[in-house]
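All remarks here apply to the structure that follows.
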Protein chains: 2
Amino acid sequence: MAKQPDGPVTIRSAALERFAADLFARAGMTPADARIVAAVLVWANLRGVDSHGVTRIPRYLELIRLGDMNPRPALAIAQETAATVLLDADRAAGPIAMTMAADYALRKARDAGIGLALVRATTHTAALGYYTARVAEAGMAGLAISASWPTMAYHGTRAAGVATNPISIAAPGGAGGPVVLDMGTGIVSLGKLVQARRAGQPIPAGWALDADGNPTTDPARAQIPLPLGGPKGAGLALMIELVTSLIVGNPVLAETLEGTDTGKRHRQNGAVIAIDIARFTDVAAFGREVERLARALKALPRDPAVAEILMPGERGHRTRAQRTSAGIPLPAPVLKELDALATELGAAPLASR
Amino acid sequence: MAKQPDGPVTIRSAALERFAADLFARAGMTPADARIVAAVLVWANLRGVDSHGVTRIPRYLELIRLGDMNPRPALAIAQETAATVLLDADRAAGPIAMTMAADYALRKARDAGIGLALVRATTHTAALGYYTARVAEAGMAGLAISASWPTMAYHGTRAAGVATNPISIAAPGGAGGPVVLDMGTGIVSLGKLVQARRAGQPIPAGWALDADGNPTTDPARAQIPLPLGGPKGAGLALMIELVTSLIVGNPVLAETLEGTDTGKRHRQNGAVIAIDIARFTDVAAFGREVERLARALKALPRDPAVAEILMPGERGHRTRAQRTSAGIPLPAPVLKELDALATELGAAPLASR
């Protein structure tokens with residue numbers, strides 16, 4: 001660990017992973033599962049997506065305490081066809097269920113050209129890009145979606161009706177790693193609203209509603225993100241619920257909107273699709289075409305407001321390279337919170353690692 | 001045909017379909033193919049998506065004259081796996097290739113749980129919602145995408161780098177018909193920019209660039225739509241090119257951006273995925289859950305700026321019902337243009353039908 005007087009603490013990713021795995025194991029997960037969840041969270045930190053990194057640990061531990069996340073899930077294949085599986089996740093941590101889903105999707109795609117793994121009853125799925133990048137690193141194209149409870153306005157509503165359900169698509173062949181798009185369906189993420197609140201910075205009109213459903217630019221009042229492009233983002237979020245939650249028979253939105261007991265619990269569903277590129281074209285040729293297109297886009301006249309024309313995921317690859325060597329910066333309050341949890345669980349604090 | 005003194009002409013959908021099919025057949029298509037293309041275009045008119053209806057006929061006929069659309073294509077399966085086909089469309093009209101792709105996706109999904117039909121070398125794919133609605137009407141969930149040449153700015157560019165590549169997702173179970181999302185990845189469609197130009201109405205800041213790549217609100221100068229949500233819409237459009245054009249080995253964007261001869265021709269690629277809901281849950285139960293969720297969303301507090309909280313595709317179902325009985329309104333200039341083409345091809349004009 002390295003600490004500057006006023007700056008954030010920086011910690012090596014391997015140490016951060018061991019720390020996170022230690023906490024999850026002490027909270028009841030098997031060591032193997034704990035390592036998977038830790039790896040997925042730290043992957044997000046490495047790529048600069050700190051909102052989906054180790055800052056989630058306190059919430060994951062809370063979900064275990066609440067009984068919403070099962071630290072010893074009995075994951076099972078509930079249904080299987082030539083090209084699909086339906087994985088019953090038994091409230092596993094999202095990274096456990098979704099990593100398994102990505103691997104099933106790959107296996108099915110190898111057999112059948114395309115593979116689909118549907119996931120019933122998981123919990124917070126973390127950074128979806130992890131699962132599609134995993135598929136892309138195996139030479140296939142990946143698509144992942146996940147469905148959560150209502151946090152975002154549905155188009156035309158003045159209350160949360162859908163979630164900022166994310167979609168991620170990845171393909172192999174980028175210079176620094178796969179091309180990885182990972183986007184929420186809101187015009188802004190909940191995380192960015194929280195950041196604006198902490199910074200006391202007004203948010204643009206059209207980003208969010210307050211708790212009463214009124215449009216606001218006041219970061220202290222902004223609660224409900226608006227959908228990306230009105231009916232487009234809202235429609236995508238809704239269709240993600242339909243093709244995950246309703247197909248696996250575990251509706252999330254309606255339960256919460258109706259105020260049922262089930263709807264008060266944290267629950268998610270998801271899906272991963274893999275397409276075996278090698279069945280249709282040479283994967284190396286595909287990669288060269290990705291590079292060719294990237295070159296053509298980067299050669300276009302640049303908007304002066306943007307520092308550089310980037311491919312999806314490119315910034316994350318660079319941050320990963322930088323943080324792999326220099327370590328992951330953690331704000332002091334995050335370190336403090338994590339170390340308090342460590343102490344509670346009898347683990348060595350980060351500050352000592 | 002019914003005509004008011006100053007209003008648009010209205011024509012029955014069946015007559016409009018016969019007229020369109022007549023023109024396509026005279027332009028060289030088989031009568032069966034001509035009927036399919038006509039049905040897909042008129043479907044868009046029936047649902048109120050007039051930008052993708054019979055106003056496209058002149059362009060389709062021009063594409064045939066230019067040799068970019070093949071009126072007598074030899075469609076062939078270039079590759080097949082347990083769950084996929086790669087359909088070589090031989091420059092067929094988009095509706096021919098994509099209807100066939102939807103049917104292959106359905107057949108493969110019936111066998112394997114999920115089915116993917118990739119389409120190489122088609123032309124304008126018309127309203128994508130037609131193909132996903134076709135899948136949904138067969139009781140499955142459908143997803144369709146199509147990739148076209150650069151018309152939209154890529155995030156950070158001041159020139160067209162990607163297309164407003166659309167994505168459509170549909171599922172069975174809506175009250176008036178399937179739930180059908182059909183969205184472009186631009187913040188605005190090219191069609192809406194044309195409408196604003198004709199009406200002389202200024203467009204909002206952030207919608208478009210002029211031909212020189214400068215942001216503009218002048219509808220006479222607006223040429224290049226901006227992507228929906230910056231990197232999100234641009235990223236989706238790019239990934240659609242990767243998972244269609246680059247997988248089928250027929251790159252569209254790079255060819256045009258590099259200014260090759262191939263890149264000057266109108267070419268598209270596409271894909272349709274079907275998921276067999278019945279393998280995972282009861283389709284009737286699925287439909288009831290869709291209705292339940294629609295009820296919950298419609299019961300939420302409504303934004304007063306919006307007349308009604310709608311499900312994706314709901315407005316289209318209503319317009320279809322209304323236009324099926326009352327006829328399809330065609331602006332007088334559209335009628336005039338179509339009848340001039342009819343005369344040129346020796347067909348009976350719409351005005352006489």
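The values are calculated or read from the model by the stated rules, or taken from the named source; none is laboratory data. For clarity, every value in this text was computed on a predicted model and none was experimentally measured. Positions of Cβ are backbone-derived with ideal geometry, glycine not excepted, and every protein chain shown enters the neighbour counts.
In the set B:R353, B:R302, B:R267, B:R323, which member is of a type in the set (K, R), modelled with pLDDT under 95 and more than 30 Å from A:L87 (Cβ to Cβ)?
Of B:R353, B:R302, B:R267, B:R323, the one residue that is of a type in the set (K, R), modelled with pLDDT under 95 and more than 30 Å from A:L87 (Cβ to Cβ) is B:R353.
Examine the stretch A:247-268 for a residue that is in contact (Cβ under 8 Å) with a residue 40 or more places away in the chain, touching a strand residue (DSSP E or B) at 6+ places or on another chain (Cβ under 6 Å) and within 20 Å of A:V194 (Cβ to Cβ), and state whether such a residue exists.
yes
State all residues of the stretch A:120-160 that are surrounded by 24 or more Cβ atoms within 10 Å (Cβ to Cβ), in a loop (DSSP other than H, G, I, E, B), more than 12 Å from chain B (Cβ to nearest Cβ) and among the aliphatic types (A, V, I, L, M); if no residue qualifies, say none.
A:A126, A:A127, A:L128
Among the residues of the stretch A:255-287 satisfying the criterion of being more than 24 Å from A:Y131 (Cα to Cα), crowded, with 17+ Cβ neighbours inside 10 Å and in contact with an Asp or Glu (Cβ under 7 Å, 6 or more places away or on another chain), which is nearest to the other protein chains (Cβ to nearest Cβ)? Step through it out loud before you land on a result.
Applying the first criterion (more than 24 Å from A:Y131 (Cα to Cα)) to the stretch A:255-287 yields A:255-265.
Among the residues that remain, those that are also crowded, with 17+ Cβ neighbours inside 10 Å are: A:255-257, A:263, A:265.
Remaining after also requiring in contact with an Asp or Glu (Cβ under 7 Å, 6 or more places away or on another chain): A:263, A:265.
Numbers: A:G263: 10, A:R265: 17 Å.
Among those residues, the one meeting the criterion is A:G263.
Among the residues of the stretch A:197-220, write down those that are surrounded by fewer than 21 Cβ atoms within 10 Å (Cβ to Cβ) and not in a loop (DSSP other than H, G, I, E, B).
Correct list: A:R197, A:R198, A:A199, A:P215, A:T216.
Filter the stretch B:289-342 for residues that are in contact with a strand residue (DSSP E or B) (Cβ under 6 Å, 6 or more places away or on another chain) and over 27 Å from A:P251 (Cα atoms) and give the result.
Residues satisfying the conditions are B:G327, B:I328, B:P329, B:L330, B:L335.
Could you pull out the residue among A:L242, A:L297 that is buried (at least 19 other Cβ atoms within 10 Å of the Cβ), modelled with pLDDT of 95 or more and either within 28 Å of B:L310 (Cβ to Cβ) or out of contact with any Leu (no Cβ under 8 Å at 6 or more places or on another chain) (or both)?
Values: A:L297 fails: either within 28 Å of B:L310 (Cβ to Cβ) or out of contact with any Leu (no Cβ under 8 Å at 6 or more places or on another chain) (or both).
Residue meeting the stated conditions: A:L242.
Residues B:V54, B:V40: which one is under 18 Å from B:A14 (Cβ atoms), β-branched (V, I, T), in the same structural domain as B:A321 (by TED's automatic domain parsing) and in contact with a Pro (Cβ under 9 Å, 6 or more places away or on another chain)?
On the way: B:V54 fails: in contact with a Pro (Cβ under 9 Å, 6 or more places away or on another chain).
Testing whether each residue is under 18 Å from B:A14 (Cβ atoms), β-branched (V, I, T), in the same structural domain as B:A321 (by TED's automatic domain parsing) and in contact with a Pro (Cβ under 9 Å, 6 or more places away or on another chain) leaves just B:V40.
What pairs come out if I take residues in the stretch A:75-86 that are more than 7 Å from chain B (Cβ to nearest Cβ) and free of Cβ contacts under 8 Å to residues at least 40 places away in the same chain and pair them with residues that are surrounded by 20 or more Cβ atoms within 10 Å (Cβ to Cβ) and aromatic (F, W, Y) whose C-beta lies under 7 Å away, six or more apart or interchain?
If the second residue must be surrounded by 20 or more Cβ atoms within 10 Å (Cβ to Cβ) and aromatic (F, W, Y), the pairs left are A:V85/A:Y104.
Would it be correct to say that B:R315 is within 15 Å of B:G174 (Cα to Cα), more than 8 Å from chain A (Cβ to nearest Cβ) and not β-branched (V, I, T)? Give the steps one after another, and end with the answer.
Values: within 15 Å of B:G174 (Cα to Cα): yes; more than 8 Å from chain A (Cβ to nearest Cβ): yes; not β-branched (V, I, T): yes.
So B:R315 passes the test.
Go through (1) part of a helix (DSSP H, G or I); (2) closer than 23 Å to B:D276 by Cα for A:I64 and report which single condition fails.
If we test A:I64 against (1) part of a helix (DSSP H, G or I); (2) closer than 23 Å to B:D276 by Cα, just (2) comes out false.
Answer yes or no: is there a residue in the stretch A:161-179 that is at the interface with chain B (Cβ under 10 Å from one of its Cβ atoms), among the β-branched types (V, I, T), buried (at least 24 other Cβ atoms within 10 Å of the Cβ) and farther than 30 Å from B:A294 by Cβ.
Looking through the stretch A:161-179, at least one residue is at the interface with chain B (Cβ under 10 Å from one of its Cβ atoms), among the β-branched types (V, I, T), buried (at least 24 other Cβ atoms within 10 Å of the Cβ) and farther than 30 Å from B:A294 by Cβ.
Exactly one condition in (1) more than 21 Å from A:T164 (Cα to Cα); (2) touching a Lys or Arg at 6+ places or on another chain (Cβ under 8 Å); (3) assigned to a loop (DSSP other than H, G, I, E, B) is false for A:G249; which is it?
(1)
Which residue is farthest from A:T81 (Cα to Cα), if the candidates are limited to the stretch B:109-119 and must be more than 8 Å from every other protein chain (Cβ to nearest Cβ) and buried (at least 23 other Cβ atoms within 10 Å of the Cβ)?
B:V119
In the stretch A:40-79, which residues are within 25 Å of A:S245 (Cα to Cα), surrounded by fewer than 21 Cβ atoms within 10 Å (Cβ to Cβ) and touching a Phe, Trp or Tyr at 6+ places or on another chain (Cβ under 9 Å)?
Across the stretch A:40-79, the qualifying residues are A:L61, A:I64, A:I77, A:A78, A:Q79.
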